[in-house]
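Beneath this line is the structure, given in structure tokens, with notes to follow.
The values are calculated or read from the model by the stated rules, or taken from the named source; none is laboratory data. These figures come from a predicted structure and were not determined experimentally. Here Cβ is always computed from backbone atoms with ideal geometry, including for glycine, and neighbour counts include all displayed protein chains. What goes into the accessible areas is simple: the full protein's heavy atoms, side chains included, and nothing from ligands, DNA or RNA. Shrake-Rupley method; radii C 1.70, N 1.55, O 1.52, S 1.80 Å.
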Amino acid sequence: MELMSSMRFAISALTIVCIASAIGTIVAQNAPPINYVNQFGAFWAEVFSSLDLFRVYNAPWFLLVMFLMLASTSLCVTRNTPKMIKEARAWRMQVRDSAFPAFRQRFALQAVTVDKAAAQVEAIGQWLRQKGYSVREPDGAAAGMPVMVAKKGGAGRLGYIAAHLAIVVISLGGLLDSEVPTKVMAWWWDKTPVELATLTNETVPASSKLPQSTPTYRANLLIPEGERSDLAVINQPNGAFLLDLPFELELKAFRVEYYTTGMPKLFASDVILRDKQTGEVKTTTIEVNKPLIHKGVAIYQSSFDDGGSALQLLAHPIAGLSREPLNIDLKVGQSAPLRGGRDTMDLEVNGFKPINVESLSDGPGRTDAFREHVASVLSPAVNNEKNASLQNVGPSFNYKLRDGAGQAREYHSYMLPFELEGNRVFLTGMRESPDESFRYLRIPADPDDSLTEFLRIRAAMDDASARVAAAAAFARAAAPGNLQEPLAQSALKALDAIAQGGLTNLATIMEQTVPEAEREKAADVVVRMLSGAFWELWQAARQRDGLPRLQATDESQTFAQRALTAYSDAKLLETPLLVTLKDFQEVKASVFQVTRSPGQSTVYLGCLLLVLGIFAMLYVQERRVWIWLKTESDGQAVRVAASSPRQSLEFEREFKSLELDLTSHPTGKAP
């Protein structure tokens, strides 16, 4: 008990809380795990996650420290408050004149007659009363005891009490608004979290639904335009609770305004609120920092999302001889089965954004983060650029391809091409799990800003007979008759290696078959041979489709090289289909944060107590003054001493002023 109620223990707990609060302020809380992996690296992200630094305010250790600080400060206040109040009210009449030499602030007046000494004491009392002191003259003071005692600033001790009590009140308010009451109520009501992916509004189990009487919560509510809902989501580490709200909220319209860069400038929701109990109807607009408050429940405009937009998709084969796309119409959140031969998979659309603002600048001395993000299929990065120019690159959507075993890969694809490094490209990213970053495939756009030419080349590369014909055509154009056959065979081997495993496979074959000393020279020959054969393959594919051969210009040669790289990268991604967005009909949804914070007023009260307490401690200084009459051989001398817990220049000046006034008016008529 002595340890818990000590100031040292309370300050130690407060220090830990302050450090944890600083971490919670600097580090984004409750973000997707991949964000932390990108920011801190896989190792430190795992370490910080194990310490719950990404949800620090609801971490068990933080709540424990908060409870210990609350208990320690409460015990400290309980133990010391009576002593402080008693000390503030005490007059300390028993201070003898023998203690006079021990005071730092003291002076003595010369010995005078008894009447003049009494007049001087009265003048001192008058001066002290004018300065705001409370003065007491004990009746029949014994020898050596003070004949007058004065004090002021006793409220300074109340400042200590108020400041410590403020910590108790604020901590209590913080605990009231934390997850602790929700978890206690969930345990009391025997509620368990549930996976949202398995639910619909008609199948919400009672075991995961919290009642309207839940004392405190911070929940999310997503409502598409034209729809209504009375169920909010309280996310948990292992699922979510569904909260039954005391009202039903309908989203009439969602409005968003953008800056010229495409960044959101303002978004607001026109809503209708219907109270379940009274039937009261409110029609209003919720904006950022302009919440709707109804019966203690605050509804904030948090963000916006997709509300089930209708997408027109094209599923392009990325392997095999066929290149005819499959037309698919899906809404965000829906899925469709895809069957090809013995293989069966499901296409699941799980996200859509009509506007994507990315940094595409090439400022001097600056590496553009978004370019790094899509620079290769191997090493994405995070866009932390603060001062780069931003640009809207158009719509994008997310989808998953799930095989028969239930394994899924997630894809992120942009609808429109945009310029990177002087070339127009389509971007499609893939990742194996949500904990990974997307690895982007950059597909060159043809002069019509389409995928037609690349898909034509892709189908030709997967056709063995087309590769044989292309190798032979290259050999005929590049070598005399006796060298055409071996050159054609070499070119065919290079094309076959690319078709089987991309440029990585070709490099592996060269490492296995070419001595190290000759690899550099051989690589130069193979690259020129591969480029020529690939060019012939492309031109042959165009002729089969009734199109003329292209002139070997710098633009067409560059396109061929980038198409070859994209074809090779597609082998690394091992994706069976390339799904692109043809058209869409957007349906907006608004995301609200619904909160009930009974501890809010408690925290405000604590903040008020803290301000008053600190003000009292800093500006209300306790001061005490004692006056003795000392009988000497030539009369009575007046001794005056004063003390204060904190010595200050102001107090020294005040006491010096008293001394000067009395010494300049020895008769006792001090002003």
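Residues in the range 516-543 that are touching a residue at least 60 places away in the same chain (Cβ under 8 Å) and more than 18 Å from Ala475 (Cα to Cα): Arg542 alone. Please work out if Ala491 is closer than 13 Å to Leu530 by Cα and in a helix (DSSP H, G or I). Yes: the conditions hold for Ala491. Consider only pairs whose beta carbons are under 6 Å apart and that are at least six residues apart or on different chains; among these, list those whose first residue lies in the range 432-446 and is within 17 Å of Glu555 (Cα to Cα) and whose second residue is in a loop (DSSP other than H, G, I, E, B) and not hydrophobic (A, V, I, L, M, F, W, C). Listed pairs, sorted by first residue: Ala445/Pro417.
Evaluate the following for Asp569: is it buried (at least 20 other Cβ atoms within 10 Å of the Cβ), acidic (Asp, Glu) and more than 30 Å from Pro215 (Cα to Cα)?
Working: buried (at least 20 other Cβ atoms within 10 Å of the Cβ): yes; acidic (Asp, Glu): yes; more than 30 Å from Pro215 (Cα to Cα): yes.
Criteria met by Asp569.
Would you say Glu419 is within 16 Å of Thr558 (Cβ to Cβ), part of a helix (DSSP H, G or I), in contact (Cβ under 8 Å) with a residue 12 or more places away in the chain and out of contact with any strand residue (DSSP E or B) (no Cβ under 6 Å at 6 or more places or on another chain)?
Numbers: within 16 Å of Thr558 (Cβ to Cβ): yes; part of a helix (DSSP H, G or I): no; in contact (Cβ under 8 Å) with a residue 12 or more places away in the chain: yes; out of contact with any strand residue (DSSP E or B) (no Cβ under 6 Å at 6 or more places or on another chain): yes.
Here the answer is no, as Glu419 does not meet what is asked.
Does the range 188-198 contain any residue that is in contact (Cβ under 8 Å) with a residue 24 or more places away in the chain, within 22 Å of Glu250 (Cα to Cα), part of a strand (DSSP E or B) and touching a helix residue (DSSP H, G or I) at 6+ places or on another chain (Cβ under 9 Å)? So far as the range 188-198 goes, no, none of its residues is in contact (Cβ under 8 Å) with a residue 24 or more places away in the chain, within 22 Å of Glu250 (Cα to Cα), part of a strand (DSSP E or B) and touching a helix residue (DSSP H, G or I) at 6+ places or on another chain (Cβ under 9 Å). What number goes with the only condition from (1) hydroxyl-bearing (Ser, Thr, Tyr); (2) touching a Pro at 6+ places or on another chain (Cβ under 6 Å); (3) open to solvent by less than 60 Å² (accessible area, probe 1.4 Å) that Thr284 does not pass? With (1) hydroxyl-bearing (Ser, Thr, Tyr); (2) touching a Pro at 6+ places or on another chain (Cβ under 6 Å); (3) open to solvent by less than 60 Å² (accessible area, probe 1.4 Å) applied to Thr284, the lone miss is (2). When Arg409 is tested against (1) under 19 Å from Ala563 (Cα atoms); (2) open to solvent by 50 Å² or more (accessible area, probe 1.4 Å), just one condition goes unmet, and that condition is (1).
If we scan the range 585-602, do we find a residue that is on the phi < 0 side of the Ramachandran plot, assigned to a helix (DSSP H, G or I) and out of contact with any Gly (no Cβ under 6 Å at 6 or more places or on another chain)? Full working, then the answer.
Pass one, the range 585-602, residues on the phi < 0 side of the Ramachandran plot: 585-602.
Restricting the remaining residues to those that are assigned to a helix (DSSP H, G or I) gives 599-602.
From the residues that got through so far, the ones that are out of contact with any Gly (no Cβ under 6 Å at 6 or more places or on another chain) too are 600-601.
Checked the range 585-602: at least one residue is on the phi < 0 side of the Ramachandran plot, assigned to a helix (DSSP H, G or I) and out of contact with any Gly (no Cβ under 6 Å at 6 or more places or on another chain).
Taking residues in the range 244-259 that are free of Cβ contacts under 8 Å to residues at least 60 places away in the same chain and closer than 21 Å to Arg274 by Cβ, and partners anywhere that are in a strand (DSSP E or B) and aliphatic (A, V, I, L, M), the pairs with Cβ atoms closer than 6 Å and at least 6 places apart or on different chains are Phe247/Leu273; Glu250/Ile272.
Residues considered: Leu292, Leu313. Of these, the only one that is under 28 Å from His412 (Cα atoms), surrounded by 19 or more Cβ atoms within 10 Å (Cβ to Cβ) and aliphatic (A, V, I, L, M) is Leu313. Restricting the range 116-159 to residues that are open to solvent by 30 Å² or more (accessible area, probe 1.4 Å), of a type in the set (A, V, I, L, M) and not in a loop (DSSP other than H, G, I, E, B) leaves a set whose member that is modelled with the lowest pLDDT is Ala155. Scanning the range 169-182 for residues that are open to solvent by less than 30 Å² (accessible area, probe 1.4 Å), within 27 Å of Gln647 (Cα to Cα) and in a loop (DSSP other than H, G, I, E, B) turns up nothing.
Being open to solvent by 30 Å² or more (accessible area, probe 1.4 Å) and more than 28 Å from Gln94 (Cα to Cα): is that true of Phe592 here?
Working: open to solvent by 30 Å² or more (accessible area, probe 1.4 Å): no; more than 28 Å from Gln94 (Cα to Cα): yes.
It is false that Phe592 is open to solvent by 30 Å² or more (accessible area, probe 1.4 Å) and more than 28 Å from Gln94 (Cα to Cα).
Specify the residue that is nearest to Leu492 (Cα to Cα); the eligible residues are those in the range 534-562 that are part of a helix (DSSP H, G or I), hydrophobic (A, V, I, L, M, F, W, C) and out of contact with any Lys or Arg (no Cβ under 8 Å at 6 or more places or on another chain). The residue in question is Phe534.
Can you tell me which residue within the range 427-461, out of those that are basic (Lys, Arg) and part of a strand (DSSP E or B), is modelled with the highest pLDDT? Please lay out each step first, then the result.
Within the range 427-461, the first condition is being basic (Lys, Arg), and the residues that meet it are 431, 439, 442, 456, 458.
Now restrict to residues that are part of a strand (DSSP E or B): 431, 439, 442.
Details: Arg431: 88, Arg439: 86, Arg442: 91.
Selected residue: Arg442.
Can you find a residue in the range 550-563 that is open to solvent by less than 20 Å² (accessible area, probe 1.4 Å), of a type outside the set (Ser, Thr, Tyr) and either touching a Phe, Trp or Tyr at 6+ places or on another chain (Cβ under 9 Å) or closer than 27 Å to Leu420 by Cβ (or both)? Yes, some residue in the range 550-563 is open to solvent by less than 20 Å² (accessible area, probe 1.4 Å), of a type outside the set (Ser, Thr, Tyr) and either touching a Phe, Trp or Tyr at 6+ places or on another chain (Cβ under 9 Å) or closer than 27 Å to Leu420 by Cβ (or both). Taken over the range 204-243, the criterion of being touching a residue at least 60 places away in the same chain (Cβ under 8 Å), within 17 Å of Val180 (Cα to Cα) and among the β-branched types (Val, Ile, Thr) is satisfied by Thr214, Thr216.
Looking only at the range 265-285, which residues are in contact (Cβ under 8 Å) with a residue 24 or more places away in the chain and more than 15 Å from Ile299 (Cα to Cα)? Within the range 265-285, Lys276, Gln277 qualify.
Screening Thr504, Thr513 for residues that are β-branched (Val, Ile, Thr), in contact (Cβ under 8 Å) with a residue 60 or more places away in the chain and surrounded by fewer than 18 Cβ atoms within 10 Å (Cβ to Cβ) leaves exactly one candidate, Thr504. Filter the range 281-323 down to the residues that are in contact with a strand residue (DSSP E or B) (Cβ under 8 Å, 6 or more places away or on another chain), modelled with pLDDT under 90 and within 30 Å of Asp545 (Cβ to Cβ) and list them by number. Once the filter is applied, which keeps residues that are in contact with a strand residue (DSSP E or B) (Cβ under 8 Å, 6 or more places away or on another chain), modelled with pLDDT under 90 and within 30 Å of Asp545 (Cβ to Cβ), the range 281-323 yields Pro317, Ile318, Arg323.
Take the residues of the range 62-102 that are surrounded by fewer than 15 Cβ atoms within 10 Å (Cβ to Cβ) and of a type in the set (Val, Ile, Thr): which is nearest to Glu137 (Cα to Cα)? Top of the filtered list is Ile85. Of everything in the range 244-281 that is under 26 Å from Pro354 (Cα atoms) and hydroxyl-bearing (Ser, Thr, Tyr), the residue that is surrounded by the fewest Cβ atoms within 10 Å (Cβ to Cβ) is Thr260. Just one of the listed residues (Asn398, Asn392) is open to solvent by 40 Å² or more (accessible area, probe 1.4 Å), of a type outside the set (D, E, K, R) and under 30 Å from the mean Cα position of the chain (by Cα), namely Asn392.
When you check Leu547 against the structure, is it touching a residue at least 24 places away in the same chain (Cβ under 8 Å) and over 49 Å from the mean Cα position of the chain (by Cα), yes or no? Judged against the criteria, Leu547 is not a match. Scanning the range 50-95 for residues that are over 16 Å from Met1 (Cα atoms), assigned to a helix (DSSP H, G or I) and charged (D, E, K, R) yields Arg55, Lys83, Lys86, Glu87, Arg89.
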